[in-house]
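Take a look at the structure below.
The values are calculated or read from the model by the stated rules, or taken from the named source; none is laboratory data. Owing to the predicted nature of the structure, the values given are computational and were not obtained by experimental measurement. Heads up, the Cβs are rebuilt from the backbone with ideal geometry, glycines too, and the neighbour counts pull from every protein chain shown. For the accessible areas, the whole protein counts, side chains as well, though only heavy atoms, and no ligand, DNA or RNA atoms are used. Shrake-Rupley method; radii C 1.70, N 1.55, O 1.52, S 1.80 Å.
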Amino acid sequence: MAQGTFFTMRYQVAVPVGSFRDYIQQTSGRGFNMGIRTVPSDNVAVGVDLAWQGFQERKDFDTYTFGTASVSGVQFRYQNTFQFSGQAEYFLNSGEDLMPYVSMGAGALRVRRTTTFGLFEVNEAPWQFMLKPGIGCTYYLSRNSELVLGMDYVVGFRSGDMEGQSFLGFNIGFVFRTS
Amino acid sequence: MNKLIPAISVCALLSGCTKEAPVFIDELDLTYTNFSPSFDFQAQRTYYIPDSVVFLQDDLPPGQLPDMVNPLYGDRILQRLRSNLNQRGWTQTTNYLVADMVLFPTANKTVVTNYWYNWGMWGWGFPGWGGGWGWGYPGFWPPTVTTHRTGTLFVQMAYPGDIDQNGYMPVMWTLIVDGMLEGSTASVLGRLDATIDQGFTQSPYLTLSAN
């Protein structure tokens, strides 16, 4: 892999897992990921990622009980997650058309959760520490571009009253090289 | 190729951006109930309910009677409350002075309402109980209710047998139905029925045993 700088842009579909799945189960088709990397050696790239994923789900009419209080109605749940991470990738088959890679990211996950219940709305917006291991591959398209397919496991860690918000992301996009 | 694929991915991203939101007005309806956990509902048998639903108003001048909810809706609310209570073993009485429980149904369309509104809204209708009273909520606390273009129905079930020295009448059960005053008349009436019924469904402690 030629040394230099490259940018990535990826569209992402994500599936909630763990305790996040207790809140929303619906798969999200709303996400993207942008990154910039430098290539210090043939097999290694390091840089940063900015990503967003929007989740939502309609919960059918149900009754929720809190102590002596009970509330019934239809809920709409929305959760936007913004990811800011430092990233490192290790590429196999460097210099070939098809280059598998493994990656690891670490950074911050900003959660913006809104739950609407009738005309009422509850908002939460915690920050969580995040790890983002992943695997994928790139495929040569031209001298300055490659197709990239990947899977990331975004792992959020509990903060305040909110459990870690984790999801699996499946992404497709492009690598654009500057040199 | 290099231009086509990014265009396809942008289209895919945009296609997933539609935000899911309430489509039907009944998706905005909400039924809230709460009760005093220390109160023995099973020891009660009779209830009194007024023949009108009071329309809650801010800053009602002293001595002035509050407006009543349009009987088209008010009568339906009262009928539904009565039928639910009767089905659950309660007996209506026309003398509030001898009733085990008294229901105070009110409704409003204001922006923000504290559920513990002034007793004076009712003082006119219960001469035997005088004025200057308030509500007590033993063991629980009702919320502040925010309404928009829709309205809210409040029902307080109070226990006059235990009015305390400060003149507070303990409220043992509350029902709040929010979001029901929009739509056609038939739609509003149907949703009133459904939400009031739901209030009793989620309050099984109101069902009296046979003995």
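Calculate, for segment B:28-92, the solvent-accessible area per residue in square angstrom, rolling a 1.4 angstrom probe over the heavy atoms of the protein chains.
Per-residue accessible area for segment B:28-92 comes out at 49 Å².
In terms of solvent-accessible area of protein heavy atoms at a 1.4 angstrom probe, what is the ranking of A:Met151, B:Met157, highest value first?
A:Met151, B:Met157
Let me know the mean shielding of A:110-123 by other chains, meaning the per-residue number of their Cβ atoms within 10 Å of its Cβ.
The per-residue average across the peptide is 3.
Kindly report, to the nearest 10 Å², the accessible surface of A:Trp52 as traced by a 1.4 Å probe over protein heavy atoms only.
Approximately 40 Å² of A:Trp52 is accessible to the 1.4 Å probe.
What average count of beta carbons from other chains do you get within 10 Å of the Cβ of residues in A:170-176?
The shielding value for this peptide is 2.
Considering only C-alpha atoms, what is the centroid distance from segment B:53-73 to segment A:1-62, in Å?
55
Between B:Ser209 and B:Gln64, what's the calculated FRET efficiency when r is the beta-carbon distance and R0 is 30 Å? Round to 0.05.
Computed FRET efficiency for B:Ser209 and B:Gln64: 0.10.
Which order do B:Lys109, A:Lys59, A:Lys132 take by accessible area at a 1.4 Å probe, largest first?
My answer, sorted largest first, is B:Lys109, A:Lys59, A:Lys132.
Would you calculate, for chain A, the mean residue ellipticity at 222 nm contributed by helices, counting each DSSP H stretch of 4 or more residues as -39,500 (n - 2.57) and dividing by all residues, to the nearest 500?
Taken over chain A, the calculation gives -500 deg cm²/dmol.
Counting only heavy atoms of protein chains, what accessible area per residue, in Å², does segment A:30-138 have with a probe of 1.4 Å?
Heavy-atom SASA per residue in segment A:30-138 reads 43 Å².
When only DSSP loop residues count, what GluC sites (Glu not before Pro) in segment A:26-113 have their Cβ near at most 13 other Cβ atoms within 10 Å?
Counting only loop positions with at most 13 other Cβ atoms within 10 Å, the GluC sites (Glu not before Pro) in segment A:26-113 are A:Glu96.
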